[in-house]
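These notes concern the structure reproduced below.
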Amino acid sequence: MTTRELHITGDADADRLLSEDPLALLIGMLLDQQVTMETAFAGPAKIRDRMGSLDAATIAAAEPDAFVELFKQSPAVHRFPGSMAGRVQAVCAAVRDDWDGDAAAIWTRGEPDGAEVYRRLRTLPGFGEQKAKIFLALLGKQYGLTADGWREASAPYGSEGSLMSVADIVDAESLGRVREAKKAAKAAAKKG
């Protein structure tokens with residue numbers, strides 16, 4: 001699976017980690033709620049820097065209170081350190097226990113189609129329908145996933161030319177366009 005360089009956080013080191021480490025990308029997606037996309041996806045680099053590595057088994061086995069403290073260090077990993085640290089540990093435990101510590105196995109083991117990747121993502125702690133679809137779209141649009149039916153399984157986020165989510169961010173301009181589209185969608189939802 002080939003990946004192209006991701007440009008989500010505005011920080012070259014954090015983006016490089018997302019591009020090179022599937023666990024980092026998975027954790028970034030998990031953190032992407034109630035904070036900016038840049039903050040969420042910069043979280044894995046903060047965790048790596050504070051722990052010395054980014055490893056599913058190590059994170060899953062970390063003492064929970066100490067892991068929360070790691071989240072609280074300035075700059076914070078997330079605005080809700082307690083709940084999000086717990087979710088990161090839970091998803092890392094699932095990666096360790098169900099995928100032999102290899103996050104990429106979720107979308108590569110057994111050459112699954114898009115519907116199966118979506119189903120696998122839905123089994124992860126913290127991955128509801130929308131988050132799983134957005135992550136699947138991100139894998140297909142930017143991470144080299146070629147599984148049959150990934151666009152359909154990630155709809156509407158997998159649509160060609162959409163500007164709906166982190167899956168569509170390739171540079172500062174597209175980040176601004178996605179932000180505007182999300183803002184408009186939120187305003188329309190409030191009116192409706």
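Laid out as a table, the results:
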item	result
Distance between region 5-39 and region 60-78 - C-alpha centres, whole angstrom	17
Along principal axes, Cα extents of the chain, largest first, whole Å	42, 39, 32
Close Lys-Lys pairs in the chain, where close means Cα under 26 Å and separation is 8 or more or interchain	23
Per residue, in Å², the accessible surface of region 19-107 once ligands and nucleic acids are set aside, probe 1.4 Å	40
Unit charges on C-beta of K, R, D, E only; dipole of the chain, Debye	940
Region 49-166 - percent relative contact order, Cα under 8 Å, separation 6 or more	19
J(HN,Hα) series, region 163-173, from Karplus relation 6.51 cos²θ - 1.76 cosθ + 1.60, nearest Hz, glycine and proline x	9, 10, 7, 4, 4, 9, 8, 10, 6, 4, 5
Enclosed volume per residue, in Å³, of the convex hull spanned by Cα atoms of region 143-191	73
Solvent-accessible area, 1.4 Å probe, carbon plus sulfur percent, for the chain	49
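The values are calculated or read from the model by the stated rules, or taken from the named source; none is laboratory data. None of these values were measured; they are calculated from a predicted model. Because the Cβ atoms are built from the backbone with ideal geometry, glycine has one as well, and the counts that use them run over all protein chains shown. The protein model used for the area step is the full one, side chains on, heavy atoms only, and it has no ligands, DNA or RNA in it. Shrake-Rupley method; radii C 1.70, N 1.55, O 1.52, S 1.80 Å.
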